[in-house]
Amino acid sequence: MDLSDARQRILKLLSVVPVDLVHMETFGSDETRPADYSLEQVRSSDLFIGVYAERYGAIDPHTGKSITELEYREASRMLGEGRLSGLLVYLLDPKAEWRVDQIDRDPGHIAALAALKNELKSKHTITYFKNAEELSLRVLGDVLRKIGIGYGAAFKLRKALAEPVSRPAQPLGMEHYTERDARWFRGREDDIASICELVERNSEILLIGDSGIGKTSLVQAGVFPALRKRNWSVASCRPLDSPDESIPVALWHQLMEGTPPDQSIHTILNLVAEAHGDKQLLVVVDQLEDIIPQLGTAKTSNLLTALTQIYTAPPANLHLLLCYRGDAEPKVGNYWQKVTGSASGLPRYYLGPLGREAARTDDSVDEIVSDTEAESERSVGVQIYPPFLQMVAETLAKATEEPGTALSSSVYRSLGKARQIIGRYLLNQLALLGSRSKESQAVMISLAAQAFSEDERRNFKRHKRPDLRSRGLPGRPVKPPLGSRRRRWQVGDCARLLGPESYRGLNSSRGL
């Protein structure tokens, strides 16, 4: 074997197997002739693994053969005598790309290596490999088979937790729903059924929707419980700014026992899939837009390579669901053609807003739903924007916390109804943002959208900005977030909505 990277990968994976590993890194210094020492190590072994790429190996001066070939011949002799339980042979695929500096140039060595490979192919069932990662996975699987244990014994599944204890029925504010909230999650039944059907039929699918539309809540409070009822395992992760580190660790801690092995995303996905045996597994990569700043760099290449490898040769029980905002599609959409090698890309599901009937619970909240619907259509252009509904619900819940205080139309109206509730809620978020101007701008766009009248909106569409300064109110342009179709708004007319005191606090906020 002539590749240190391949050896290290194999050794890391085999370290979880209850066996003693004998390899050249453990040989150390010894007075014995190199060939004799290597052959002695072969004789002390029960299983021989031979990996042959494009180098013949170091030559033993006494025999004129490489030590690599001598090791194989000793193992072959032991196998014939019944003193070796297995002899596993792996050859580099002739079509594999290989570094030039790792290819033998000596004509004699080339001829000897070719003869050895021909002999190996004639005497053994061999496995071809194209890279070190593929090789390590194949070796691990064959070793586990030879010693009579499966992936589930070498890599132990994390014990399934009892059904999550439900939280009390209360508004979650801007938190997303989790499995603990599944019994309170409603209005997305058709979406849940459609996504589960897509997941079952495909190894990889996309879930796309506007920011705040409820993708994470749908997955965790809807899809996950539905699949668990069918005896699936599920896990969710985010790429963050370093997918190579965050994804393997997150998946391992959710699905497996012990310390995560230092392996690539692709290897980890294969390991957890193999450990699950016949049990179906859904892995969700949420908020994939995290990778946009790193697209085209080494930080995202392994993730995209893993997605390509899984699509090309998917484990039978592994399914991936990739979620991201609709405004990220121009940045990441073209990668799915590269992953699949086709113009159609990956199967996708577009998540729309909640409908009025999904948000409505009974007649007493008709007014709230109607007002929230009006603000959603005015500001975001959708029927019901879930974050607006959550803002109103959380505010009303806090306003009725005192014992004996019940939700009523008068309480709702005293708070200024949906429009002012949403405006104040957004304003309060600025205190948490500080100098994070990009986030502040996104909040200000929504806040300004609440403040303008219908006449002023029409003026914006005609490229006429209202004369805010003539009213004694300063106004500054704010850019919309990535991919937004909204025109540039001016902030300053919020005093009419929030009152002078709130406006002064708003105007002094950093990021405005």
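The values are calculated or read from the model by the stated rules, or taken from the named source; none is laboratory data. Every value quoted in this text rests on a predicted model; they were computed, and no experiment measured them. Cβ atoms come from the backbone with ideal geometry, glycine included; neighbour counts cover every protein chain shown. Only protein heavy atoms, including side chains, enter the accessible area calculation; ligands, DNA and RNA are left aside. Shrake-Rupley method; radii C 1.70, N 1.55, O 1.52, S 1.80 Å.
Summary table
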item: Gain in span if fully extended, N302 to E245, counting 0.36 nm per residue against the direct Cα distance; result: 19.4 nm
item: Efficiency of FRET between R186 and T259 - r from beta-carbon atoms, R0 25 angstrom, step 0.05; result: 0.05
item: Cα-based reach from K65 at 27 Å (exclusive), listing lysines while leaving out same-chain residues under 8 positions away; result: K95, K117, K121, K123, K130
item: A343/E367 FRET efficiency (R0 45 Å; Cβ-Cβ; nearest 0.05); result: 0.40
item: Difference of contour (0.36 nm per residue) and Cα-Cα distance, Q383 to R105; result: 93.2 nm
item: Rounded Å value of the spacing that divides the Cα centres of the stretch 194-258 and the stretch 28-92; result: 46 Å
item: 5 angstrom amide H check on L354, placed H, neighbours 5+ away; result: I384
item: The stretch 197-352: relative contact order as a whole-number percent, Cα under 8 Å and 6+ apart; result: 38 percent
item: For the stretch 210-253, radius of gyration divided by Kirkwood radius, i.e. Rg to Rh on alpha-carbons; result: 1.05
item: Label point distance in nm, S4-R413, each placed 7 Å from Cα along Cα→Cβ; result: 7.9 nm
item: Separation in nanometres of the label points that stand 7 Å from Cα toward Cβ, at N428 and R73; result: 8.2 nm
item: Phi to ³J(HN,Hα) by Karplus 6.51 cos²θ - 1.76 cosθ + 1.60 over the stretch 278-292, Hz, x for Gly, Pro; result: 8, 6, 6, 9, 10, 10, 9, 9, 8, 6, 4, 4, 3, 7, 4
item: Nonlocal amide H pairs with Y177, under 5 Å, H built at 1.01 Å; result: S217
item: Fraction of accessible area attributable to carbon and sulfur, the stretch 67-218 (%, probe 1.4 Å); result: 50 percent
item: Rg over Rh [alpha-carbon atoms, Kirkwood Rh] for the stretch 81-239; result: 1.20
item: Using a Förster distance of 22 Å, the FRET efficiency for L47-D278 (Cβ separation, nearest 0.05); result: 0.25
item: Within the accessible area of the stretch 256-403 (1.4 Å probe), percent carbon and sulfur; result: 50 percent
item: R201 paired with K121, simple spin-label distance in nm, labels 7 Å along Cα-to-beta-carbon; result: 4.2 nm
